[in-house]
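Q: Let me begin by handing over the structure; questions about it come next.
The values are calculated or read from the model by the stated rules, or taken from the named source; none is laboratory data. The model shown is predicted, which means the values in this text are computed figures rather than measured ones. Backbone-built Cβ (ideal geometry, glycine too); neighbour counts: all protein chains shown. Ligands, DNA and RNA are excluded from the accessible area calculation, which covers all protein heavy atoms including side chains. Shrake-Rupley method; radii C 1.70, N 1.55, O 1.52, S 1.80 Å.
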Amino acid sequence: MAAFSATHCRSYSYSHSSSINGGQNQRFSFSSFSRLSVPAKAIRNSHQTVVLMQDGVVATKVTPVEKETPKEKLKDELLSVTSTKEWDEKAGFDSNENESTVSITVVGASGDLAKKKIFPALFALYYEDCLPKHFTIYGYARSKMTDAELRNMVSKTLTCRIDKRENCSEKMDQFLKRCFYHSGQYDSEENFAQLDKKLKRHEGGRVSNHLFYLSIPPNIFVEAVKCASSSASSGNGWTRVIVEKPFGRDSESSAVLTKSLKQYLTEDQIFRIDHYLGKELVENLSVLRFANLIFEPLWTRQYIRNVQIIFSEDFGIEGRGGYFDNYGIIRDIMQNHLLQIFALFAMETPVSLDAEDIRNEKVKVLRSMRPLRLEDVVVGQYKSHSKGGVTYPSYTDDKTVPKDSLTPTFAAAALFIDNARWDGVPFLMKAGKALHNKGAEIRVQFRHVPGNLYNRNFGTDLDRATNELVIRVQPDEAIFLKINNKVPGLGMRLDRSNLNLHYAARYSKEIPDAYERLLLDAIEGERRLFIRSDELDAAWALFTPVLKELEEKKIIPESYPYGSRGPVSAHYLAARYNVRWGDLDIEQ
């Protein structure tokens with residue numbers, strides 16, 4: 001997908017299954033949001049009138065449940081700091097049942113995720129004219145807060161990072177005027193009903209669409225969904241819920257969570273978000289494969305020797321032990337972020353770019369995977385280390401972590417896919433905290449050239465002659481291909497050089513944050529970057545047996561120094577399959 005621009009958010013069309021209040025699904029094809037005014041079109045059948053709205057929303061044309069108050073009363077009940085004239089001019093709200101509006105409720109609005117990611121992403125979308133004409137944002141949390149206090153809190157995290165930076169302060173003011181707050185308990189239907197009344201006032205008789213973002217702990221997901229579904233669903237448009245990870249701790253708890261959510265929502269209403277799927281280089285994976293003839297023929301066991309998916313952070317848990325110690329690095333990073341990248345990388349060509357076609361292929365890959373064995377897994381935990389006069393703490397030094405914790409902060413695994421394309425190709429995956437650098441990348445190491453005439457120039461280390469495709473997801477996004485090349489001169493000296501696509505150098509536009517892309521997709525009903533329930537089941541089925549074995553046998557993680565390259569056993573694991581970790585190359 002191209003980078004955002006001010007006048008063009010998206011132009012592609014796709015097929016979308018619209019769920020109205022969890023009712024029967026109907027399939028429509030429509031284009032994405034546009035700032036241009038497009039007349040509504042009525043599509044009639046023998047049962048009902050269906051209205052295709054200007055922003056792609058499909059809704060039955062019905063009379064609102066309750067008669068809206070007159071316009072004067074609506075204005076009186078809006079924010080006191082916003083004058084009637086200013087609201088009319090800047091927000092453009094009028095009572096028109098042939099228009100639609102989107103109400104976005106951030107449940108858990110006082111938390112770090114909401115402040116640091118969700119509100120800034122919504123502002124970036126607003127700045128780029130990617131949100132619909134009529135929208136309202138509500139923060140919902142247990143904390144007591146006024147609208148003005150919410151706006152003050154949100155304003156501290158908004159930045160004018162967009163490349164144009166024109167009229168940013170003005171845009172901020174306009175955006176903050178669309179932000180409101182409602183205090184309530186997450187398990188109170190009464191509190192959500194009060195929120196719904198406020199949403200109706202802002203919706204002004206339009207077709208209402210409700211998006212709830214659950215930025216709350218997973219143990220209260222179900223209660224919040226129950227209350228939102230019963231007391232604050234849209235009466236005449238769609239209702240969708242974005243659910244943040246973790247989606248359970250294992251197959252059993254994940255299945256219970258899914259079953260509980262589906263008591264109140266249909267699968268089409270549930271958007272399980274994994275922000276790594278919104279990253280630019282992950283989004284580009286299918287383009288790289290399926291739009292370039294030079295890569296797709298090579299994407300098989302005949303040419304690829306191994307694939308490495310690597311995630312590393314150069315800092316520890318830093319006070320997040322209460323959450324992290326209950327999950328560990330495998331559940332926190334590998335089972336979701338890295339496995340999703342894995343599935344996108346290894347899947348077969350989908351029938352189309354439709355969300356269900358792509359997700360079908362991802363599920364096929366996950367179900368084709370060989371059961372993960374304990375001997376193919378290495379776990380580690382960082383220990384205290386002094387460097388440059390600075391002492392870095394161990395994992396168990398953190399006050400939020402039990403002193404006898406066996407929770408791994410590092411894990412490496414060798415995975416295999418038992419299908420015709422990938423049979424015998426090791427997929428090595430590792431993730432860790434408190435390592436020597438920060439980054440996430442995919443490394444594709446190709447097979448050695450048969451009968452290579454220049455082997456003697458590389459000596460006994462044939463890995464130095466390996467062609468390698470590197471997709472750097474973060475930071476400093478790039479795609480580069482390592483090739484063998486002759487060093488200029490009279491002699492015959494070979495060098496491994498990079499054919500480099502460095503995003504910062506090639507593209508002047510700033511890359512959107514992953515949450516921007518995913519929030520926009522959720523508003524538009526585009527599901528291809530969200531996780532389906534059977535996909536989640538297949539992912540947990542792969543890791544759950546190993547996780548249980550690690551915990552039941554109380555496997556002690558191997559210690560590694562803070563700031564190091566991880567446990568030594570990870571190198572032995574790779575060597576067992578004749579692989580050398582690519583991120584340890586001195587050429588980096």
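Q: Can you name every residue in the range 201-233 that is in contact with a helix residue (DSSP H, G or I) (Cβ under 9 Å, 6 or more places away or on another chain) and of a type in the set (Gly, Ala, Ser)? Give the derivation first.
A: Initial filter on the range 201-233 (in contact with a helix residue (DSSP H, G or I) (Cβ under 9 Å, 6 or more places away or on another chain)): 201-202, 204, 208-218, 221-222, 224-233.
Passing the criteria: GLY204, SER208, SER215, ALA224, ALA228, SER229, SER230, SER231, ALA232, SER233.
Results for (1) over 20 Å from ILE270 (Cα atoms); (2) in the same structural domain as GLY319 (by the TED database); (3) of a type in the set (Lys, Arg), shown as yes or no for each residue.
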site: LYS115; (1), (2), (3): yes, no, yes
site: ILE118; (1), (2), (3): no, no, no
site: ARG142; (1), (2), (3): yes, no, yes
site: MET145; (1), (2), (3): yes, no, no
site: PHE180; (1), (2), (3): yes, no, no
site: ASN191; (1), (2), (3): yes, no, no
site: ASP196; (1), (2), (3): no, no, no
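Q: Just the residues that are surrounded by 14 or more Cβ atoms within 10 Å (Cβ to Cβ) and of a type in the set (A, V, I, L, M, F, W, C), please, taken from the range 554-565.
A: The answer is ILE555, and nothing else.
Q: In this structure, is LYS399 open to solvent by 10 Å² or more (accessible area, probe 1.4 Å) and modelled with pLDDT under 90? Show your work before the answer.
A: Working: open to solvent by 10 Å² or more (accessible area, probe 1.4 Å): yes; modelled with pLDDT under 90: yes.
Judged against the criteria, LYS399 is a match.
Q: Which numbered condition in (1) surrounded by fewer than 17 Cβ atoms within 10 Å (Cβ to Cβ); (2) touching a helix residue (DSSP H, G or I) at 6+ places or on another chain (Cβ under 6 Å); (3) closer than 29 Å to ILE270 by Cβ is the only one that GLU551 fails?
A: Exception for GLU551: condition (2).
Q: Could you please find all residues in the range 111-144 being part of a loop (DSSP other than H, G, I, E, B), touching a Gly at 6+ places or on another chain (Cβ under 8 Å) and open to solvent by less than 40 Å² (accessible area, probe 1.4 Å)? Break it down into steps so the answer makes sense when it comes.
A: Start the filter on the range 111-144 by keeping residues that are part of a loop (DSSP other than H, G, I, E, B), which leaves 111, 128-134, 142-144.
From what is left, the residues that are touching a Gly at 6+ places or on another chain (Cβ under 8 Å) are 133-134, 142.
Correct list: HIS134 only.
Listed here are the residues, each with its yes/no results for (1) basic (Lys, Arg); (2) part of a strand (DSSP E or B).
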site	(1), (2)
PHE311	no, yes
GLY319	no, no
ARG331	yes, no
GLU348	no, no
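Q: Follow-up. Name the residues in the range 360-373 that are among the aliphatic types (A, V, I, L, M), more than 19 Å from the chain's Cα centre (by Cα) and farther than 14 Å from LEU428 by Cα, would you? Lay out the reasoning, then the answer.
A: At the first step, the residues of the range 360-373 found to be among the aliphatic types (A, V, I, L, M) are 363, 365-366, 369, 372.
Then drop every residue that is not more than 19 Å from the chain's Cα centre (by Cα), which leaves 365, 369, 372.
Across the range 360-373, the qualifying residue is only VAL365.
Q: Just to be sure before I move on: is ARG506 charged (D, E, K, R), under 30 Å from TYR126 (Cβ atoms) and open to solvent by 50 Å² or more (accessible area, probe 1.4 Å) in the structure I sent?
A: Numbers: charged (D, E, K, R): yes; under 30 Å from TYR126 (Cβ atoms): yes; open to solvent by 50 Å² or more (accessible area, probe 1.4 Å): yes.
Yes: the conditions hold for ARG506.
Q: Please find, within the range 303-343, the residue that is nearest to LEU366 (Cα to Cα) out of those that are of a type in the set (Ser, Thr, Tyr) and out of contact with any strand residue (DSSP E or B) (no Cβ under 7 Å at 6 or more places or on another chain).
A: Restricting attention to the range 303-343, the residues satisfying the condition of being of a type in the set (Ser, Thr, Tyr) are 303, 312, 323, 327.
Cutting the leftovers down to out of contact with any strand residue (DSSP E or B) (no Cβ under 7 Å at 6 or more places or on another chain) gives us 323, 327.
On the way: TYR323: 27, TYR327: 22 Å.
Out of the qualifying residues, it is TYR327.
Q: Same structure, new question: Need the failing condition index for TYR213 against (1) touching a residue at least 60 places away in the same chain (Cβ under 8 Å); (2) farther than 24 Å from ASP268 by Cα, just the number.
A: Every condition holds for TYR213 apart from (2).
Q: Select the strands (runs of 3 or more DSSP E) contained entirely in the range 163-282, then report the ones holding at least 2 residues which are among the aromatic types (Phe, Trp, Tyr), within 30 Å of GLN340 (Cβ to Cβ) and within 25 Å of the chain's Cα centre (by Cα). Walk me through it before giving the result.
A: Details: elements: 179-183, 207-214, 239-244, 270-273.
By residue number, 207-214.
Q: Looking at SER386 and the list (1) in a strand (DSSP E or B); (2) of a type outside the set (Lys, Arg); (3) crowded, with 19+ Cβ neighbours inside 10 Å, which single condition is not satisfied?
A: Against the list (1) in a strand (DSSP E or B); (2) of a type outside the set (Lys, Arg); (3) crowded, with 19+ Cβ neighbours inside 10 Å, SER386 comes up short only on (3).
Q: Next up: Hey, among the residues in the range 179-225 that are more than 13 Å from TYR138 (Cα to Cα) and aromatic (Phe, Trp, Tyr), which one's surrounded by the fewest Cβ atoms within 10 Å (Cβ to Cβ)?
A: PHE221
Q: Let me ask something else. Which of (1) in the same structural domain as LEU547 (by the TED database); (2) crowded, with 16+ Cβ neighbours inside 10 Å; (3) part of a loop (DSSP other than H, G, I, E, B) is the odd one out, the single condition LEU288 does not satisfy?
A: It fails just one condition, (3).
Q: Something else now. Within the range 262-273, can one find any residue that is within 30 Å of VAL444 (Cβ to Cβ) and of a type outside the set (Gly, Ala, Ser)? Write out each step before concluding.
A: As a first pass, look at the range 262-273 and keep what is within 30 Å of VAL444 (Cβ to Cβ): 272-273.
Subset that is of a type outside the set (Gly, Ala, Ser): 272-273.
Within the range 262-273, one or more residues are within 30 Å of VAL444 (Cβ to Cβ) and of a type outside the set (Gly, Ala, Ser).
Q: Taking the range 334-359 as the region of interest, how many residues are buried (at least 18 other Cβ atoms within 10 Å of the Cβ) and under 19 Å from the mean Cα position of the chain (by Cα)?
A: The initial filter retains those residues of the range 334-359 that are buried (at least 18 other Cβ atoms within 10 Å of the Cβ), namely 334-347, 350, 354-355, 358-359.
In the following step, the residues that additionally are under 19 Å from the mean Cα position of the chain (by Cα) were identified as 334-347, 354-355, 358-359.
Of the residues in the range 334-359, 18 are buried (at least 18 other Cβ atoms within 10 Å of the Cβ) and under 19 Å from the mean Cα position of the chain (by Cα).
Q: Give me the pairs, please: first residue somewhere in the range 439-451 and free of Cβ contacts under 8 Å to residues at least 24 places away in the same chain, second residue anywhere and open to solvent by less than 20 Å² (accessible area, probe 1.4 Å), beta-carbon distance under 9 Å, and either six or more positions apart or on two chains.
A: Between residues of the range 439-451 that are free of Cβ contacts under 8 Å to residues at least 24 places away in the same chain and residues that are open to solvent by less than 20 Å² (accessible area, probe 1.4 Å), the close pairs are VAL449/ALA465.
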